[in-house]
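The values are calculated or read from the model by the stated rules, or taken from the named source; none is laboratory data. Fair warning: this is a prediction, and the values are worked out from it, not measured in the lab. With ideal geometry, Cβ positions are generated from the backbone for all residues, glycine too; neighbour counts draw on all protein chains shown.
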Amino acid sequence: MTSPPGPQDRKSPGKAERKGVKDGRRRDTGHDTLSHSRAHYLMAIDTLRSSLGYARTTDVAEMLEVSRGAASMALAQLKKRGWVAEDPNRFLLLTEEGRQITELVSENFTILSRFFEIVLGVPKERAVADACKMEHLVSLETSRRLHWLTQHVESDGAAALRKHMKEFKPGSAGVDLENL
C-alpha cells in the first residue's frame, strides 16, 4: 500500500484558495470560484461534445433543464473566466483550463461517491447525491488523500473499520441526523 500524499506533494495555495478561506470556512470570492452551477455547465459541455461532437447553448439549456436565456448568461460568465470559448460555427468549446476543471470535478465525484459508499457505508443513491453537491469544492490534495484512504479501507487491512461503519446508527453521535 502506498502512503498518502505528503508535504512534498503539496503546492502552495493559489490565489483562489488563499482568498477563498476565512477562519477555516470557504467563502465565495466571485471571480475565481467554481460554483455547483458552473461545474454543471462545464460538465454539460463536455458530455455533449463527447456524445454529439458539438455543444450549443440550446443543447446545454436542454440538458440542464434551464431556459436558453439562463444558459446564455451562465455561459457568458464562463467565457469571461476563460473556461469556455466558441469555435467559428459558435459551438461551445472547453478551454484548456475548462477541460482541467472538468476533469478534476469528474475525478472528485468518483472519489467522493466511492468514499461515501465504501468507507462510510452510505447507500449508493445518497453517496452519488452527496458527491454531486461537493465535487466542485474538494481540493486536489484532499481528493488524493480521500482516494488513498478509500483504497486502504478496501484492502483487507481495514476490515475492523468497515465493520464499525456498518454498525453505525444515525443519532449515535448525539445528533439525530434523520430528523433534522
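In the stretch 132-142, the count of residues that are loosely packed, with under 14 Cβ neighbours inside 10 Å, modelled with pLDDT of 85 or more, part of a helix (DSSP H, G or I) and not hydrophobic (A, V, I, L, M, F, W, C) is one or more. Selection of first residues in the stretch 30-45 that are within 14 Å of residue 93 (Cα to Cα) and of second residues that are part of a loop (DSSP other than H, G, I, E, B) and at pLDDT 90 or above, restricted to Cβ pairs under 7 Å at least 6 apart or on distinct chains, gives the following pairs, ordered by first then second residue: 42/83; 45/55.
For residue 125, the conditions (1) part of a helix (DSSP H, G or I); (2) in contact with a helix residue (DSSP H, G or I) (Cβ under 9 Å, 6 or more places away or on another chain); (3) of a type outside the set (S, T, N, Q) are fulfilled apart from (2). Within the stretch 84-101, is even one residue within 20 Å of residue 53 (Cβ to Cβ), assigned to a helix (DSSP H, G or I) and touching a helix residue (DSSP H, G or I) at 6+ places or on another chain (Cβ under 8 Å)? Within the stretch 84-101 (the criterion being within 20 Å of residue 53 (Cβ to Cβ), assigned to a helix (DSSP H, G or I) and touching a helix residue (DSSP H, G or I) at 6+ places or on another chain (Cβ under 8 Å)), the answer is yes, since at least one residue qualifies. Residue 87 satisfies every condition listed in (1) in contact with a Gly (Cβ under 7 Å, 6 or more places away or on another chain); (2) farther than 23 Å from residue 142 by Cβ; (3) modelled with pLDDT under 95 except (1). Return a yes/no flag: does the stretch 94-110 have any residue that is of a type outside the set (A, V, I, L, M), farther than 30 Å from residue 58 by Cα, touching a residue at least 40 places away in the same chain (Cβ under 8 Å) and surrounded by fewer than 19 Cβ atoms within 10 Å (Cβ to Cβ). Taking every residue of the stretch 94-110 in turn, none turns out to be of a type outside the set (A, V, I, L, M), farther than 30 Å from residue 58 by Cα, touching a residue at least 40 places away in the same chain (Cβ under 8 Å) and surrounded by fewer than 19 Cβ atoms within 10 Å (Cβ to Cβ). Note on the stretch 95-125: residues that are among the hydrophobic types (A, V, I, L, M, F, W, C) and closer than 19 Å to residue 43 by Cα amount to 6.
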